[in-house]
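The values are calculated or read from the model by the stated rules, or taken from the named source; none is laboratory data. Computed from a predicted model, the values in this text were never measured in an experiment. FYI the Cβ positions are ideal-geometry reconstructions off the backbone, even for glycines, and counts take in every protein chain you see. Side chains are part of the model used for accessible areas, which takes the heavy atoms of the whole protein and leaves out ligands, DNA and RNA. Shrake-Rupley method; radii C 1.70, N 1.55, O 1.52, S 1.80 Å.
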Amino acid sequence: MTWRGLALPVGVIALAELLGRLNPRESYVVALPSQAIEAGARLLMDGTMLERTLQTILSAGGGLLAGFVLGTLLGILMGLFRRLDQMLEFSVESIRPVPAVALIPIFLLAFGFGYRMEIAIITFAVIWPAMILARAAIRDVEPQLFEVAAILRLPYPQTIWKIMLPAAAPRILVSFRLSLALALVVAVTVEVVINNIGLGNGMMAAMQSLHPDDMLAYLVWIGLVGFALNWATDAVLSLLKLKQVQP
């Protein structure tokens, strides 16, 4: 990322501040960027923002871990065994289009409010992209690699472990990045809609109490948290790729 990428958001913020100063009417809908910054600083200093951030990250992380592991394992098995793929195709294609948030009433009855409900919904949302990309990654392994395995006389389990999985790893890592973004989106959505924890709930509480500065501060902070998580994930994946290249 270069500093030039900050030109657009900084310009938009400055323009919004200028327009708000030229029309200084109190609003219960829109707050000035400076007011949102002040509110964000206050929420960070008193610990409210950090506490809600931890709640959202715990929920998103739990759902991401469960959904990604289950989806990847299922996708690998479906990619390896065509008969299993055919047996599960109808079930997968019937359940996969269901929006995760549509399951809120069911999981609310099963788990009640709190982390378990949110993690269950995030797990459901993350399983499908992880599964589909893992299955595609296994199926798209270069046929020449199997010829190499045959020449080396590798048993089938070693062919999977030493040939297929390393070849499919880059696409599986891409699916992890996509799953991470999806987990955060679903977590905040569930918190906005019904759950009483996390950043989404904080934003809704600010809206209901007619504090647009707090609401905007939460919104900006959610974007910053997503950016930080994506940057950290990208840095770790780049480091892993670098280690793979080194002899």
Quiz item: Among the helices of the chain (complete DSSP H runs), which have Cα atoms covering no less than 30 Å along the helix axis and a Kyte-Doolittle mean of at least 1.0?
Solution: 48-80, 115-139, 165-193
Self-check item: Surface accessible to a 1.4 Å probe, Ile194 within the full protein complex, Å²
Solution: 60
Exercise. Mind ranking 81-92, 156-167, 212-223 by how tightly packed they are, going by the mean number of other C-beta atoms within 10 angstrom, highest first?
Key: 212-223, 156-167, 81-92
Exercise. Run through every distinct alpha carbon pair of region 53-104 and return the Kirkwood hydrodynamic radius in angstroms, one decimal place.
Key: 12.9
Exercise. Name the most mobile residue of Ile57, Ile172, Ile151, meaning the one with the largest mean-square fluctuation, in a Gaussian network model of the chain with Cα contacts below 10 Å.
Key: Ile151
Quiz item: For region 6-116, what size does the Cα cloud have along each of its three principal axes, sorted from largest down, in whole Å?
Solution: 67, 33, 23
Quiz item: Counting only protein chains, not ligands or nucleic acids, how are Arg135, Arg42 ordered by accessible area (probe 1.4 Å), most first?
Solution: Arg42, Arg135
Exercise. Take the alpha-carbon positions of the chain, form their convex hull, and give its projected area averaged over all directions (one quarter of the hull surface) in nm².
Key: 17.8
Quiz item: Measuring from centroid to centroid over Cα atoms, what is the spacing of region 94-145 and region 28-51 in Å?
Solution: 34
Quiz item: When ranked by the protection proxy of mean other Cβ atoms within 10 Å per residue, highest first, what sequence do the peptides 230-238, 45-53 form?
Solution: 45-53, 230-238
Quiz item: Over the Cα atoms of region 63-191, how large are the radius of gyration and the largest Cα-Cα distance (Dmax), in Å?
Solution: 17.0, 57
